[in-house]
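Report on one structure; see the data block that follows.
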Amino acid sequence: MRAPELTGRGGWINTGGRALSLADLRGKVVLLDFWTFCCVNCLHVLDELRPLEEKYSDVLVTVGVHSPKFVHEADHDAVLAAVERHDVHHPVLDDPDLQTWRQYAVRAWPTLAVVDPEGYVVAQMSGEGHAHALDALVAELVAEHEGRGTLHRGDGPYVPPPPRSELLSFPGKAVALPDGTLLVSDTAHHSLVQLAADGATLLRRIGSGERGLVDGDATTARFSEPNGLALLPADVAAGAGVDVVVADTVNHAIRGIDTRTWTVRTLAGSGAQWMQGEPTAGPALEVALSSPWDLAWFEDALVVAMAGVHRLDRLDLAENTVAPYAGTTNEGLVDGELPAAWFAQTSGLTTDGTTLWLADSETSALRRVRNGLVRTEVGSGLFEFGHVDGPAAEARLQHPLGVGLLPDGSVAIADTYNGAVRRFDPVTREVSTLATGLAEPSDVLVVPDEDYGHVLLVVESVAHRLTRVRLPDDAVRVDGAAYRTQRPATGVAPGPLDLEVLFTPPTGQKLDERYGPATYLVVSASPPELLAEGGGSGTDLRRPLVVADPADTGVTEGVLHVSVRAASCDDPDAPGAAEFPACHVHQQDWGVPVVLTADGDTRLALVLAGLAAESVDS
């Protein structure tokens with residue numbers, strides 16, 4: 001089908017102020033990346049695409065289409081900051097009203113669409129892990145259109161922004177060292193900095209500033225967008241040979257630092273991103289991790305917030321092993337025993353020794369782990385958020401990234417997308433606001449202060465600084481607004497609903513059925529009463545559902561949650577087959593908002609991967 005035009009009220013980024021049209025891109029293979037900066041899977045895709053963009057730099061133009069989930073993500077300045085923070089080196093269309101999202105019938109973050117040099121959509125893929133298939137497809141299109149004379153080689157429309165020079169660049173987390181100085185993850189500078197107690201005076205930088213995974217001394221070591229930091233107990237540090245641990249997020253690794261010599265050593269992670277089907281437990285340096293975002297010493301081990309797979313992992317430094325601690329890798333808000341709980345991009349951890357507190361960012365939730373159980377204190381689900389104080393059951397947060405403990409035992413929350421610091425009192429179960437007007441606060445910690453005894457130190461990420469906030473005697477209550485993610489709802493009719501996930505193995509691959517079914521599908525609903533039949537798991541990518549009659553349940557709208565995996569392997573008999581065939585896992589989670597109407601759809605098709613025009617019409 002002919003590719004719809006690229007339109008968005010927010011305008012263009014990384015083009016030098018120029019608005020682009022598809023006509024401007026004619027003659028190039030165009031890869032549209034529908035993303036939003038809260039989504040860790042979208043951030044994975046940005047990294048997957050970097051080698052392809054370099055390999056096909058003269059024929060491939062990647063265009064990011066920023067399609068927000070949260071209210072804050074519809075702010076153009078926030079999108080500008082995210083593009084800089086994540087080192088995006090291609091044009092980005094800011095589409096706050098989801099205009100282009102609708103035109104391309106996108107249903108999930110991330111989604112990729114490929115447009116050929118003549119302006120036709122030839123493929124659509126949801127989720128991550130498609131780099132191999134994209135490589136083969138782009139090579140195919142380049143050969144075809146070069147032969148037809150419709151391919152134009154040369155530079156693309158990307159124009160880099162002017163460089164900035166500041167001490168910090170999008171700092172992520174901070175920790176107070178025993179001598180009173182501060183260690184800060186300088187995320188976009190791919191390094192750590194030690195600051196004096198004033199939070200502004202540079203004492204030393206750890207890391208060369210170049211993106212990479214290299215151990216060594218403070219000048220040669222390399223990180224890639226590090227975030228969480230944690231101090232080890234003295235006896236553990238003596239045995240491990242490091243006293244600070246770092247969640248090296250984009251390297252999918254845990255690093256250790258010996259602050260006596262300021263040397264860096266990798267403690268866990270193979271350096272590759274974990275994908276479904278791979279081992280989850282074993283020797284720490286052999287098991288792949290996925291976007292570790294924060295960590296805390298709890299129950300005699302390091303608990304790691306594995307944001308990339310919605311799980312908590314446990315790193316045993318004595319045994320040098322890693323294993324799952326809590327979570328199923330399903331994304332959502334489900335409490336209960338550790339192995340059965342669902343998390344959603346956990347990004348902040350803190351502990352008092354008996355309770356582990358979590359900032360679960362994608363569900364805008366504050367949660368806790370105690371005595372082997374997970375409990376949600378604030379938050380209602382993946383699509384409910386806002387800035388509302390009051391009783392915990394009614395309060396709302398918006399994509400919090402950090403948590404810290406206050407002197408009175410209450411919990412401070414870096415309420416990132418609300419630009420605020422919030423407070424949860426476990427005794428009264430009330431939520432209040434401590435400070436507002438902050439620029440995407442990502443972490444909070446209490447530090448000594450000469451005038452006030454203690455103050456709250458806030459990592460103000462988009463302002464590139466640490467900010468001191470006085471702890472008031474009484475917090476200020478905010479009766480703000482509650483929101484729900486505004487995506488186009490699909491009208492469905494009560495009764496039978498035919499769900500089909502469309503998956504075509506990429507060129508040169510076939511379904512991997514050597515050890516059983518190659519596909520796996522999980523379906524649920526929020527609220528659960530929305531579905532009368534069809535929930536649960538199975539291997540068939542086509543599932544008959546029954547949508548409950550509103551007359552029986554009172555439910556007229558909700559969200560269908562669909563999670564799918566498919567495994568494919570290189571076909572050794574395909575033309576140009578690789579000498580050593582590899583296998584690939586394709587996966588995606590959808591949350592599809594639906595509204596029940598008598599004349600609504602009776603079929604719902606979701607594209608995991610395939611030829612876009614054929615898939616939609618099949």
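General remarks:
- In region 87-226, Rg over Rh equals 1.13, where Rg is the alpha-carbon radius of gyration and Rh the Kirkwood radius from pairwise Cα distances.
- Each peptide in 201-210, 267-276 gets a packing score, the mean of other Cβ atoms within 10 Å over its residues, and the list from highest to lowest is 267-276, 201-210.
- Computed from the alpha carbon atoms alone, the convex hull of region 26-78 holds 86 Å³ per residue.
- C-alpha long axis of helix 131-148 to longest principal axis of the chain, angle in °: 40
- Taking every DSSP helix (H) stretch of at least 4 residues in the chain, weighting each as -39,500 (n - 2.57) and dividing the sum by the residue count yields a mean residue ellipticity at 222 nm of -3000 deg cm²/dmol.
- Extension gain, Ala318-Lys510: 0.36 nm per intervening residue step, less the Cα-Cα distance, totals 64.8 nm.
- At 1.306 mPa s and 10 °C, Stokes diffusion of region 1-163 via Kirkwood alpha-carbon radius, µm² per second: 101
- log10 of Debye I(q)/I(0), alpha-carbon scatterers only, for region 489-618 at 0.12, 0.14, 0.15, 0.17 Å⁻¹: -0.52, -0.66, -0.73, -0.87
- Building the convex hull from the alpha-carbon atoms of the chain and averaging its projection over directions returns 27.9 nm².
- Residues Asp24 and Val427, FRET efficiency given R0 of 60 Å [Cβ-Cβ distance, rounded to 0.05]: 0.50
- Stokes-Einstein diffusion coefficient of region 99-172, Kirkwood radius over Cα pairs, 10 °C, 1.306 mPa s, in µm²/s: 101
Every number in this text was worked out from the coordinates using simple rules, so none of it is lab data. Just so we're clear, the structure is a prediction, and the values are computed from it rather than from any experiment. Here the Cβ is made from the backbone with ideal geometry for all residues, glycine too, and neighbour counts use every protein chain on show.
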